[in-house]
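The values are calculated or read from the model by the stated rules, or taken from the named source; none is laboratory data. Keep in mind that what you see is a predicted model, and the values were worked out from it rather than measured. Here the Cβ is made from the backbone with ideal geometry for all residues, glycine too, and neighbour counts use every protein chain on show. SASA here: full protein model, heavy atoms, side chains in, ligands and nucleic acids out. Shrake-Rupley method; radii C 1.70, N 1.55, O 1.52, S 1.80 Å.
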Amino acid sequence: MTEPKTYGDGVAVVTVTYSPGATLERFLDTLATATDRDVPVVLADNGSVDGAPEKAAERADVRLVPMGDNLGYGAAANRGVAELGDDIGWVVVANPDLEWDPGSLDALLAVAERWPRGGAFGPLIREPDGSVYPSARLLPSPGRGIGHAVFGKIWPGNPWTRAYRQETAAPTERTAGWLSGSCQLFRREAFDSVDGFDPRYFMYFEDVDLGDRMTRAGWLNVYAPSAAVMHIGGESTSKASATMLAVHHDSAYRYLADRHRGLRWKPFLAVVKLGLKLRLKLETRGG
């Protein structure tokens, strides 16, 4: 059995870019205020055409790593992490459309010191209007999964969605089933232990899947609201294209199908597939 690799206590940031525009500059500017440490940044680029990653890479602490194609979020993040040296024991994987609160990365690291079995740590995430995004959630069980998948958009206040999103839970430091992939701090040993993100998820649900596998491997997903960021791009998927909504639904089905195998789950999965098809039709009608 291969011994786990030993890492130093350095910190790095990996962000997956795909024509991120001006938000990337703001991401890097505010990152400089988020920590007192020197933090290298890897831009895992999925084929940007706007020149923003190339411009950002002119900074001394930023390295551009072209993927050669659009690999999807998880696969590109894994490649970015693999570029880091063994001195880096803590890795932030974040979207490039974030703005960091002053001291927020140092606050995340302080929480990590209190949770020796913590594998992933997620900050409080604000929307541009100041509202708090429900970024620390329960895992989608069969009941919650089908209820949220089928009714989440057409009946937002349904009990399955409310339970799944944990929107009424106070923003206190606690464990969660999974944390939003828009910003997470990983203990690199934990990230390695589950082989990072599952590249089969091109987009969406890669964070849910990773949170579940972290838990199964004995690590904790810790919500750390003492650290905060703003997600500029954290708008409702109602504005997303039909293609992206279809990708989201495919990923949701993959997650449930991976965990509910065998003949006895066939009827359940058939209902989920039908419900997702109906939801996609309702969300994209007239668009």
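Multiply the residue gap between Arg114 and Ala60 by 0.36 nm, knock off their C-alpha separation, and tell me the result in nm, one decimal place.
16.2 nm
Return the FRET efficiency for the residue pair Ser19, Ala257: r is the Cβ-Cβ distance, R0 is 41 Å, and the value is rounded to the nearest 0.05.
Approximately 0.85, to the nearest 0.05.
So how much accessible area does Trp115 have, in Å² to the nearest 10, using a 1.4 Å probe?
60 Å²
Are there GluC sites (Glu not before Pro) in region 10-119 that DSSP marks as loop and that have at most 13 other Cβ atoms within 10 Å, and which are they?
Glu58
Report the extension gain between Asp106 and Arg37 in nm, rounded to one decimal, defined as 0.36 nm multiplied by the number of residues separating them, less their alpha carbon distance.
Extra length available between Asp106 and Arg37 comes to 24.0 nm.
Within region 50-107, list the trypsin sites (Lys or Arg not before Pro) lying in a DSSP loop whose Cβ has at most 15 other Cβ atoms in a 10 Å radius.
Listed in order of number, the matching sites are Arg59.
Take Ile232, Ile88 and sort them by solvent-accessible surface of the protein heavy atoms, 1.4 Å probe, largest at the top.
Result of the area sort, largest leading: Ile232, Ile88.
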